[in-house]
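A.B. asks: If you scroll down you'll find the structure; I have some questions about it.
The values are calculated or read from the model by the stated rules, or taken from the named source; none is laboratory data. Being a predicted model, the structure only gives us computed values, none of them experimental. Every residue, glycine as well, gets a Cβ built from its backbone with ideal geometry; the counts of neighbours run over all protein chains shown.
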């Protein structure tokens, strides 16, 4: 099983639980080895990177180039939270043939329904049929009240747009303050996070922010390739984001 070399750790843990061999890979599938299963994630957690249309087309070609024996699953949980880039689903590039392609969506972030554990899969009907059989016998069927809540949430786009504006406003406030503090923001074009570096060990960056009462996640949590980066979440309240920005700017003024 392949997964991005900077990625949410659940992909790696999933491979362990399934008894599969998990292998981190770079973005381009031209460098990927043969595998049964590959994850892609756009917009990315933690980096906020958005796959280009060509990159998604290359991923589909990778699956199709192996006699349709390789499954690609696209984690699109942050799809509706674009900022300086507009994410697109992998299914927009299959030409209507979703063989061996799945798209995974969650309402956890889209609609602030993390506690509901509400999500759905779209794509290859044969694969989905097999998933339904496993889910049924494993007792993983969603309770009817949760299904009803999903219908209500998915039937309303207004709250999603409001949430997107909220996250983007927080990004536009906090990113410049982090840059003033010496960080270089990389990717971070969508999603809920800022991915940044001061070209130092991630724990040193975490410590520098902790001294100001600001908590961030060390990048190596998402793979060794992220060991000189940190992830800063935009999920705090507006007031907390404003307070963090003011602390960063005030510290820089004192230092200069």
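A.B. asks: Residue under question is residue 86, and the condition is that it be assigned by TED's automatic domain parsing to the domain that holds residue 64, within 30 Å of residue 240 (Cα to Cα), modelled with pLDDT of 95 or more and not in a helix (DSSP H, G or I); does it hold?
C.D. replies: Taking the combined requirement at face value, the residue satisfies it.
A.B. asks: Take the conditions part of a helix (DSSP H, G or I) and in the same structural domain as residue 236 (by TED's automatic domain parsing) and apply them to residue 207. Does it pass?
C.D. replies: Yes, satisfied.
A.B. asks: What are the residues in the range 172-207 that are within 19 Å of residue 8 (Cβ to Cβ), surrounded by 15 or more Cβ atoms within 10 Å (Cβ to Cβ) and in contact with a strand residue (DSSP E or B) (Cβ under 8 Å, 6 or more places away or on another chain), if any?
C.D. replies: 187, 188, 189, 190, 192, 193, 194, 195, 196, 197, 202, 206
A.B. asks: Would you mind stating whether residue 128 is loosely packed, with under 11 Cβ neighbours inside 10 Å, at pLDDT 95 or above and over 28 Å from residue 228 (Cα atoms)?
C.D. replies: no
A.B. asks: Any idea which of 108, 12 is in a helix (DSSP H, G or I), at pLDDT 95 or above, over 28 Å from residue 163 (Cβ atoms) and in contact with a strand residue (DSSP E or B) (Cβ under 8 Å, 6 or more places away or on another chain)?
C.D. replies: When all the criteria are applied, what remains is 12.
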